[in-house]
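Before we start, here is the structure in question, set down as structure tokens.
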Amino acid sequence: MSFLNRLKERVEQAALTTAEKVGITVAEETVVQERINICNNCEHLFQHTRTCKLCGCFVDLKTKIKTSSCPINKW
């Protein structure tokens, strides 16, 4: 695993831990996977950084937040 992938995983885990501490609920794994599949097939996904070209979010993190939503209502 590359340094950048390890760093991404650490940042994502820190963000999720922080979210839970402030009361943000994490979505169920089946919901997360469904959302990621939708994003992976979306024309607005910038694959290199795994960010949405419309809202700028990191989709691998945003899809895990239960109350989040796609900016064009795909999920």
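The values are calculated or read from the model by the stated rules, or taken from the named source; none is laboratory data. Here the structure is a predicted model, which is why all the values come from computation and not from measurement. Reconstructed Cβ throughout: ideal geometry from the backbone, glycine too, with neighbour counts over all protein chains shown. Areas reflect the complete protein model, heavy atoms only, side chains present, ligands, DNA and RNA absent. Shrake-Rupley method; radii C 1.70, N 1.55, O 1.52, S 1.80 Å.
Mind counting the residues in the stretch 43-75 that are within 17 Å of residue 12 (Cβ to Cβ) and small (Gly, Ala, Ser)?
Residues meeting the conditions: 2.
Would you check which residues across the stretch 1-46 are at pLDDT 85 or above, small (Gly, Ala, Ser) and in a helix (DSSP H, G or I) and list them?
14, the sole residue that qualifies.
Of all residues in the stretch 2-30, which are of a type outside the set (A, V, I, L, M), in contact with a helix residue (DSSP H, G or I) (Cβ under 9 Å, 6 or more places away or on another chain) and under 18 Å from residue 67 (Cα atoms)?
Within the stretch 2-30, 12, 25 meet the criteria.
When the stretch 58-68 is examined, which residues are found to be part of a helix (DSSP H, G or I) and open to solvent by 50 Å² or more (accessible area, probe 1.4 Å)?
Selection gives nothing.
Evaluate the following for residue 24: is it among the β-branched types (Val, Ile, Thr), within 12 Å of the chain's Cα centre (by Cα) and surrounded by 13 or more Cβ atoms within 10 Å (Cβ to Cβ)?
No, not satisfied.
Hey, residue 61 hits all of (1) over 19 Å from residue 4 (Cβ atoms); (2) touching a residue at least 24 places away in the same chain (Cβ under 8 Å) but one; which does it fall short on?
Failing condition for residue 61: (1).
While we're on this one: Could you tell me which of the residues 39, 55 is of a type outside the set (A, V, I, L, M) and open to solvent by less than 50 Å² (accessible area, probe 1.4 Å)? Full working, then the answer.
Numbers: 55 fails: open to solvent by less than 50 Å² (accessible area, probe 1.4 Å).
Checking each option against the conditions leaves just 39.
Mind checking whether some residue in the stretch 27-34 is hydroxyl-bearing (Ser, Thr, Tyr), more than 12 Å from the chain's Cα centre (by Cα) and open to solvent by 50 Å² or more (accessible area, probe 1.4 Å)?
Yes, because at least one residue in the stretch 27-34 is hydroxyl-bearing (Ser, Thr, Tyr), more than 12 Å from the chain's Cα centre (by Cα) and open to solvent by 50 Å² or more (accessible area, probe 1.4 Å).
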